[in-house]
Amino acid sequence: LTALEQYDPQICELIKQEKARQAGCIRMIPSENYVSKAVMTATGSCLTNKYAEGYPGKRYYEGQQITDLIEDIARQRAVKVFGSDHANVQPYSGSIANMAAYMALVKPGETIMGLSLPDGGHLTHGWKVSATGKLFNSVQYTVNPETGRFDYDQIAELAKKNKPKIIISGATAYTREIDFKAFSEIAKSVGAYLISDIAHIAGLVVGGVHQSPVPYADIVSTTTHKTLRGPRGGMLLCKDEHKIAVDRAVFPGMQGGPHLHTITALAVALAEADTPEFKLYAKQVVSNAGVLAEKLMEYGFELVSGGTDNHLILIDMRNKGIPGKKMAKALDRAGIVTNCNTVPADPAPPFNPSGVRIGTPAVTTRGMKEEQMIEIAKLYKEVAENIDDTETIEKIGKKVKLLCSEFPIPDHFIVS
Ligand code: PLP
């Protein structure tokens, strides 16, 4: 940071503070992680200086001797780890990747069908305030409010009634394994395309602890920075038959110049993901979430769907009489960072919902295991029991700091 220290001490100081914050708290927002030093180095490399509109071999700017090689490596690595025919590594984010996937297959005004936001879907799955809900005729399915799980028969019924051109399978707050085969059968039965958004679970798919949608979906969309542990970005994987449409939808359809520094870092992250260590990491993420869920339930927390199959847990705080936001704020004061979230059929408003969404990707990257999950569950219990007691919350914060000091952020990822 020497140049930064010298030329922009104000921003430099804030970066240092954010680094310390990330090291000194238990980060349990399920979409967050820590990238390796190698990924961080690539993200901050000179590739940020290069414009490269187009695709390798077909660019609109010169000077692509190196960028073509890098983007090709990133694409090849993506194809290898996910087993897809084709990869487009240019989307700036998961949101843009989703929009590009829709534009590749249908026209504005046509019908798309995704999971509703309060039930765990993403904004870009057709929620009304998102462009995806405005440009397309959006139909939304829900989870069964009793079970917190998909009711595939109900989804099939809704598809039959509305005849969507695209069905989106994927979620931002769903705690159970998604049956992509069932979704593909529903899509086929109504002549719809299937787009699977694996933004949250991409790392679990690569690690072999969640089924892959690649054999079933026309297009797979993902972010690169959650369980996959790469730089912030998006990616599309598809069958050969959609390759041209997907590439055109990303550029020039949605974007201009690709962020080559991100693509470079993604290539590094994909190499990291293609290792036995990453498989162990993914397995540990799921095992940690399972233990944490069990312990939380022992302490009387109610979990949507009664547990978890993946990296994510949704706590319904209603039986504790504590709003989700109040719980998330109290946890934050203790140094445990989560986010408040709606629960299925939530009677509370989205800005102050009934649930808290937590996940294990980041703590697992720090090397925490089942033993620490038991400790963390106890901290949740203590926070809930002392929600208005500032002194006790401070004391819990000391325990959090101690735990963090025992698990420093690693440079590389070794799960032993
Ligand atoms: N899809 C899902 C399922 C997500 O959870 C998210 C992000 O939370 C996105 C898409 C959007 O990704 P981004 O924030 O990179 O636009």
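The numbers here are math on the coordinates, done by the rules we state, and not lab data. No experiment lies behind these values; they were computed from the predicted model shown. With ideal geometry, Cβ positions are generated from the backbone for all residues, glycine too; neighbour counts draw on all protein chains shown.
The order of Cys404, Cys12, going from fewest to most other C-beta atoms within 10 Å of their C-beta, is Cys12, Cys404. Considering Cα pairs under 8 angstrom that are at least six residues apart, work out the relative contact order of the stretch 1-153 and quote it in whole percent. Reported as a whole number, the value is 10 percent.
In the stretch 51-153, the C-alpha radius of gyration followed by the widest Cα-Cα span (Dmax) gives 17.9, 58 angstrom.
Here the extension length gained between Leu4 and Tyr51 equals 14.5 nm, from 0.36 nm per residue of separation less the Cα-Cα distance. Kindly state, to the nearest 0.05, the FRET efficiency for Gln22 paired with Gln154, given R0 = 60 Å and r defined as their beta-carbon distance. E between Gln22 and Gln154, to the nearest 0.05, is 0.90.
Can you pull the semi-axes for the stretch 197-270, root of five times each eigenvalue of the Cα gyration tensor, sorted largest first, whole Å?
On the way: eigenvalues 82, 63, 14 Å².
Its equivalent ellipsoid spans semi-axes of 20, 18, 8 Å.
A simple charge model with +1 on the Cβ of Lys and Arg, -1 on the Cβ of Asp and Glu and nothing else charged puts the dipole of the stretch 127-217 at about 400 debye relative to its Cα centre.
Could you size up the charge dipole of the stretch 1-157 around its Cα centre, putting +1 on the beta carbon of Lys and Arg and -1 on that of Asp and Glu, and report it in debye to the nearest 20?
On the way: 15 positive and 17 negative charges, 65 e Å.
So the dipole magnitude of the stretch 1-157 works out to roughly 320 debye.
For the pair Asn319 and Asp332, label points projected 7 Å from Cα toward Cβ lie 2.7 nm apart.
For Ile11 and Met297, the FRET efficiency from 1/(1 + (r/R0)^6), where r spans their Cβ atoms and R0 equals 51 Å, is about 0.70.
With the alpha-carbon atoms as the only input, what is the per residue convex hull volume for the chain in Å³? Show your work: numbers first, answer last.
On the way: hull volume 57.9 nm³, N = 416.
So the per-residue Cα hull volume is 139 Å³.
For the residue pairs Lys134/Lys226; Lys279/Lys320; Lys283/Lys326, the alpha carbons lie more than 29 Å apart in Lys279/Lys320; Lys283/Lys326. Dipole of the stretch 319-385 computed with +1 at Lys/Arg Cβ and -1 at Asp/Glu Cβ about the Cα centre; of Ala334, Thr364, Pro353, farthest Cα towards the positive end is Pro353. Working from Cα pairs under 8 Å separated by at least six residues, relative contact order for the stretch 133-198 is 34 percent.
How high is the FRET efficiency from Thr41 to Glu391, r the C-beta distance, R0 56 Å, rounded to 0.05? All intermediate terms of the calculation are to be shown ahead of the outcome.
Numbers: r = 43 Å, r/R0 = 0.76.
Calculated value: 0.85.
Distance from the C-alpha centroid of the stretch 337-391 to that of the stretch 1-62: 28 Å, rounded to the whole angstrom. Across the chain, the mean sequence separation of Cα contacts (distance under 8 Å, 6 or more residues apart), normalised by length, yields a relative contact order of 22 percent. Reducing the stretch 202-249 and the stretch 299-336 to their Cα centroids gives an inter-centroid distance of 29 Å.
Take the chain and mark each of the GluC sites (Glu not before Pro) that is in a DSSP loop with at most 13 other Cβ atoms within 10 Å; the longest unmarked stretch, sites excluded, is 147-416.
Calculate, in nm to one decimal, what Ala345 and Ser405 gain on full extension: separation in residues at 0.36 nm each, minus their alpha carbon distance. Mind dumping the intermediate values first?
Numbers: separation 60, 0.36 × 60 = 21.60 nm, distance 3.96 nm.
Full-extension gain reported as 17.6 nm.
Farthest toward the positive end of the dipole of the stretch 13-126, out of Met28, Thr124, Gln76, is the Cα of Met28, where the dipole comes from beta carbon charges about the Cα centre. Think of each Lys and Arg Cβ as +1 and each Asp and Glu Cβ as -1; about the Cα centre, that makes the dipole of the chain roughly 420 debye.
Simple spin-label estimate for Ile66 and Lys279 gives 3.4 nm between the two label positions (7 Å along the Cα-to-Cβ direction from each Cα).
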